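The values are calculated or read from the model by the stated rules, or taken from the named source; none is laboratory data. The structure presented is a predicted model; accordingly, all values stated were derived computationally and were not measured. Cβ placement follows ideal geometry from the backbone for every residue including glycine, while neighbour counts extend to all protein chains displayed. We work out accessible area using only protein heavy atoms, side chains counted, and drop any ligands, DNA or RNA first. Shrake-Rupley method; radii C 1.70, N 1.55, O 1.52, S 1.80 Å.
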Amino acid sequence: MNHQEFNFDGLVGPNHNYAGLSFGNVASTGNANSPSNPQQAALQGLQKMRKLMALGIPQGVLAPQQRPHVQALRSLGFSGSDDNVLTTAQQQAPAIFNACVSASSMWTANAATVSPSADTADAKVHFSPANLINKFHRSLEHPFTESLLRRVFPSEQHFSHHHALPMSDHFGDEGAANHTRFCNRYGEAGVEFFVYGKAAFDSRQPQPQKYPARQTLEASQAIARRHGLAPSQTVFAQQNPAAIDAGVFHNDVISVGNGNALFYHELAFADEAKTLADLQQAFDPFGTLDFIKVATAQVPLQDAISSYLFNTQLISVGDHMALVAPTECEQTDSVHRYLSDLVTHSSSIQQVEYIDVKQSMRNGGGPACLRLRVVLSEQEQAAVNQACIMDEAKITALEGWVKEHYRDRVDVADLADTAFIQECHTALDELSRLLQLGSIYPFQQS
């Protein structure tokens with residue numbers, strides 16, 4: 001049976017903006033309130049999809065969420081018409097208003113954790129939407145995420161959908177940004193690797209002091225249980241607290257895995273030796289893992305963070321692997337030198353492809369943030385909403401849709417403007433028809 005790993009990319013929404021809400025994400029806070037270019041952001045994302053398709057990686061697309069989140073503002077005491085709610089909130093509580101217009105759902109690596117049917121006890125693909133409890137603006141996302149995933153992956157025979165974990169810091173879950181999977185072939189059983197920032201019920205473990213640890217051990221363990229993963233093929237490891245305090249807010253900012261390879265910075269894990277030993281022990285039935293370590297002497301941690309060296313997409317291309325890296329990696333001297341040398345010496349990674357996703361980078365997310373990895377068999381592929389599976393014609397159609405509906409500049413003042421919001425609703429209404437999602441948006445249901 002043929003299995004493929006699909007990248008389901010989040011489509012950047014028409015309200016793409018820089019609110020600077022993510023404490024601990026240096027790029028996000030550094031560009032707060034700057035003018036954004038939603039049209040360019042969406043087109044860059046679509047061009048990335050086209051690039052991955054050309055490299056042989058099948059692509060899907062996930063629709064953006066509706067913003068402003070008027071329901072959240074109403075729950076916080078703002079009342080009257082939608083226009084009154086938005087105007088009053090922007091005037092009286094601008095920080096709360098900014099949270100409710102956030103564009104953060106574009107980063108679908110945080111949308112959910114996915115386990116393929118080869119790993120799960122019931123042989124179904126499991127989806128757990130992330131509660132993203134650490135940030136108010138992100139905690140608003142999971143109800144729509146669950147609804148969207150159910151419409152994109154509707155078959156109860158092939159797919160199992162879970163609710164988000166309890167909305168408590170003890171079960172803080174940031175999705176696939178802290179999860180990866182190792183295997184020899186996508187259709188075979190593999191090892192699922194969960195990286196957490198803190199153990200919420202064990203204060204003896206070291207924790208970061210400056211920035212929050214967003215993923216808890218307890219959340220990762222709960223997802224492994226509900227997905228029916230074999231304990232012998234599941235590994236939990238703590239992220240280095242010092243790296244979190246340096247700005248590594250998710251594990252995918254400091255390591256990335258694919259197939260039988262882990263590409264990581266030497267400061268990635270609290271206990272590097274134990275982490276690698278645990279991974280290899282779990283992978284022993286399948287073979288040997290290729291650990292590709294980047295030393296601080298080769299790439300300083302701050303260069304790795306600013307360039308998003310590890311927020312690259314590590315993909316299988318024929319008989320080797322390739323890194324799909326943001327152009328910032330090419331423009332950062334230490335990183336560019338390292339990658340130029342890597343492709344001539346690594347047995348696994350033999351190719352680097354640079355792409356421009358500057359609009360996402362300025363908002364705090366690189367190429368890997370924009371995609372959710374879903375391994376599917378032929379039968380499972382056929383059970384997916386086919387309107388959300390991309391080909392050249394569909395990407396071209398979406399590019400035309402973006403150019404018709406998206407502005408090339410959005411300022412903070414625009415986000416409560418009635419005309420702008422109506423533009424966004426018109427765009428999303430048409431998109432829901434293009435992707436055959438039905439009336440999924442709140443404005444369509446009111």
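Take the stretch 212-226 and flag every residue that is under 21 Å from ALA368 (Cβ atoms) and crowded, with 20+ Cβ neighbours inside 10 Å.
Here is the first cut: in the stretch 212-226, the ones under 21 Å from ALA368 (Cβ atoms) are 212-215, 219-220, 223.
Listed by number, the residues that qualify are ALA213, ARG214, GLN215, ALA219, SER220, ILE223.
Yes/no matrix, rows are residues, columns are (1) under 13 Å from PRO14 (Cα atoms); (2) of a type in the set (S, T, N, Q); (3) open to solvent by 20 Å² or more (accessible area, probe 1.4 Å):
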| position | (1), (2), (3) |
| --- | --- |
| ASP356 | no, no, yes |
| GLY364 | no, no, no |
| VAL374 | no, no, no |
| GLN386 | no, yes, yes |
| HIS405 | yes, no, yes |
| GLN436 | no, yes, yes |
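Restrict the check to the stretch 70-84 and report whether at least one residue is hydrophobic (A, V, I, L, M, F, W, C), farther than 30 Å from ALA282 by Cβ and free of Cβ contacts under 8 Å to residues at least 24 places away in the same chain.
There is at least one residue in the stretch 70-84 that is hydrophobic (A, V, I, L, M, F, W, C), farther than 30 Å from ALA282 by Cβ and free of Cβ contacts under 8 Å to residues at least 24 places away in the same chain.
Go through the residues of the stretch 78-87 one by one and say whether even a single one is touching a Leu at 6+ places or on another chain (Cβ under 9 Å), assigned to a helix (DSSP H, G or I) and open to solvent by less than 30 Å² (accessible area, probe 1.4 Å).
yes
Open to solvent by 10 Å² or more (accessible area, probe 1.4 Å), touching an Asp or Glu at 6+ places or on another chain (Cβ under 6 Å) and under 30 Å from PRO94 (Cβ atoms), is that true of THR418?
When the stated conditions are applied, THR418 passes them.
Output yes when any residue across the stretch 210-217 is assigned to a helix (DSSP H, G or I) and over 17 Å from PHE182 (Cα atoms), and no when none is.
yes
On the basis of being open to solvent by 20 Å² or more (accessible area, probe 1.4 Å), touching a residue at least 24 places away in the same chain (Cβ under 8 Å), over 30 Å from ARG185 (Cα atoms) and not aromatic (Phe, Trp, Tyr), does ASN98 make the cut? Outline the logic, then answer.
Values: open to solvent by 20 Å² or more (accessible area, probe 1.4 Å): yes; touching a residue at least 24 places away in the same chain (Cβ under 8 Å): yes; over 30 Å from ARG185 (Cα atoms): yes; not aromatic (Phe, Trp, Tyr): yes.
Yes; evaluated as a whole, the condition is true for this residue.
Under 9 Å between Cβ atoms, which residue pairs at least 6 apart in sequence (or on different chains) link something in the stretch 129-156 that is under 15 Å from SER102 (Cα atoms) with a partner that is of a type in the set (Lys, Arg) and assigned to a helix (DSSP H, G or I)?
Here the result reads LEU132/ARG138, each pair linking the stretch 129-156 to a residue that is of a type in the set (Lys, Arg) and assigned to a helix (DSSP H, G or I).
Can you tell me which of GLY247, GLY257 is within 26 Å of ARG185 (Cβ to Cβ), under 21 Å from the mean Cα position of the chain (by Cα) and open to solvent by less than 20 Å² (accessible area, probe 1.4 Å)?
GLY257
Only one of PRO241, PRO208, PRO231 is open to solvent by 40 Å² or more (accessible area, probe 1.4 Å) and not hydroxyl-bearing (Ser, Thr, Tyr); which?
Matching residue, one of PRO241, PRO208, PRO231: PRO231.
Within the stretch 314-345, how many residues are open to solvent by 20 Å² or more (accessible area, probe 1.4 Å) and among the small types (Gly, Ala, Ser)?
3
Just name the residue that is nearest to PHE443 (Cα to Cα) out of those in the stretch 53-77 that are part of a helix (DSSP H, G or I) and open to solvent by 60 Å² or more (accessible area, probe 1.4 Å). I'd like the intermediate steps shown before the answer.
To start, the set of residues in the stretch 53-77 that are part of a helix (DSSP H, G or I) comprises 53-54, 70-75.
From the residues that got through so far, the ones that are open to solvent by 60 Å² or more (accessible area, probe 1.4 Å) too are 54, 71, 74-75.
Working: ALA54: 36, GLN71: 11, ARG74: 14, SER75: 17 Å.
Looking at residues that are part of a helix (DSSP H, G or I) and open to solvent by 60 Å² or more (accessible area, probe 1.4 Å), I get GLN71.
In the stretch 137-161, how many residues are part of a loop (DSSP other than H, G, I, E, B), out of contact with any Phe, Trp or Tyr (no Cβ under 8 Å at 6 or more places or on another chain) and open to solvent by less than 30 Å² (accessible area, probe 1.4 Å)?
3
Quick one: would you say ARG185 is under 21 Å from ASP290 (Cα atoms), among the charged types (D, E, K, R) and either under 20 Å from the mean Cα position of the chain (by Cα) or in a loop (DSSP other than H, G, I, E, B) (or both)?
When the stated conditions are applied, ARG185 passes them.
Among the residues of the stretch 124-175, write down those that are touching a strand residue (DSSP E or B) at 6+ places or on another chain (Cβ under 8 Å), under 27 Å from ALA95 (Cβ atoms) and of a type in the set (Ser, Thr, Tyr).
Passing the criteria: only THR145.
If I filter the stretch 287-300 for residues that are modelled with pLDDT of 95 or more, surrounded by fewer than 23 Cβ atoms within 10 Å (Cβ to Cβ) and hydroxyl-bearing (Ser, Thr, Tyr), do I get at least one hit?
yes
Which residues, counting only those in the stretch 263-281, are more than 30 Å from GLN359 (Cα to Cα), open to solvent by 10 Å² or more (accessible area, probe 1.4 Å) and of a type in the set (A, V, I, L, M, F, W, C)?
ALA270, ALA273, LEU276, ALA277
What residue, among those in the stretch 7-50 that are within 17 Å of HIS250 (Cβ to Cβ) and among the hydrophobic types (A, V, I, L, M, F, W, C), is modelled with the highest pLDDT?
By that ranking, first place goes to LEU21.
So for the stretch 171-181 (the condition being under 24 Å from ASN258 (Cα atoms) and of a type in the set (Phe, Trp, Tyr)), does at least one residue qualify?
no
VAL195 versus (1) assigned to a strand (DSSP E or B); (2) open to solvent by 50 Å² or more (accessible area, probe 1.4 Å): which is the lone unmet condition?
VAL195 satisfies all of (1) assigned to a strand (DSSP E or B); (2) open to solvent by 50 Å² or more (accessible area, probe 1.4 Å) except (2).
Would the stretch 169-178 turn up any residue that is open to solvent by 30 Å² or more (accessible area, probe 1.4 Å), modelled with pLDDT of 95 or more and assigned to a loop (DSSP other than H, G, I, E, B)?
No, there is no match, as no residue in the stretch 169-178 is open to solvent by 30 Å² or more (accessible area, probe 1.4 Å), modelled with pLDDT of 95 or more and assigned to a loop (DSSP other than H, G, I, E, B).
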